[in-house]
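Written out below as structure tokens is the structure these notes cover.
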Amino acid sequence: MGPDSREIIRNFLPIQLSEAVRLRSGYFKSDCRPRPFDSMSEEELILTGEQSDLSQYVTDEGGIWSLRQLEKVRGWNNIQYAPGLSGKNTPSTGLSMNRAYIPPGGVAKAHIHVGFDVMVYLMQGSVRHEYGPGCRKSVVHSAGDMFYIEPGLPHEVFNCSDSEWVHAVVSRSDASEWQNIEPYDRNSE
């Protein structure tokens with residue numbers, strides 16, 4: 001989809017935007033449908049959420065902690081991450097932030113953020129969130145958009161492109177990153 005097509009689609013009402021992006025990006029292809037949370041393929045497990053020493057990426061400048069120009073080094077739930085800033089590598093007790101990447105056609109399976117807020121700045125690409133009870137609602141965000149996800153809101157994230165990576169900055173009101181995220185069964189409600 002070229003820049004002109006994105007601008008035309010961006011001008012639709014939200015429900016039309018959601019439907020237009022779904023049809024344009026081929027979301028109903030069988031390889032793009034959600035799978036159960038615990039059925040990650042071997043390829044999806046290449047970068048895992050295993051505990052690694054994140055302090056190796058950060059420099060304490062005397063009260064200002066710096067992390068510079070790093071790319072994907074780990075992953076969780078089909079999202080790849082650059083090392084970020086969190087309680088794992090800074091003295092933070094209530095905040096974390098990192099860069100997240102969703103591969104072309106990728107899906108971050110349905111989950112809930114337990115007890116913390118999330119704010120996202122989408123730097124590249126477009127995502128569709130299916131959210132709410134049963135993940136029956138839908139909204140699309142594109143590069144340049146910022147959005148907030150309430151604690152406890154079930155949601156699943158789809159990369160709208162089969163050829164372009166999504167790149168975002170994700171901030172959480174939780175210094176522990178992934179420990180307070182739970183899988184969500186879309187069919188439970």
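Please treat every number below as a calculation from the coordinates, not as lab data. Keep in mind it's a predicted model, so treat the numbers as computed, not measured. Methodologically, a virtual Cβ is constructed for each residue, glycine included, from the backbone with ideal geometry; neighbour enumeration extends over all protein chains shown.
At a glance:
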read-out: Order of Tyr81, Tyr57 under a 10 Å beta carbon neighbour criterion, fewest first; value: Tyr57, Tyr81
read-out: The range 113-189 - convex hull of the alpha-carbon atoms, volume per residue in Å³; value: 92 Å³
read-out: Cα shape, the range 62-165, gyration tensor, a/c 1.5 rule; value: oblate
read-out: Spacing of the two label points (7 Å from each Cα toward its C-beta) at Tyr121 and Thr93, in nm; value: 2.7 nm
read-out: Label zone at Glu71 (point 7 Å along Cα-to-Cβ), backbone N below 14 Å, the range 161-179; value: 165-167
read-out: Two-site label geometry, Asn180 and Val114: point separation in nm, points 7 Å out along Cα→Cβ; value: 1.1 nm
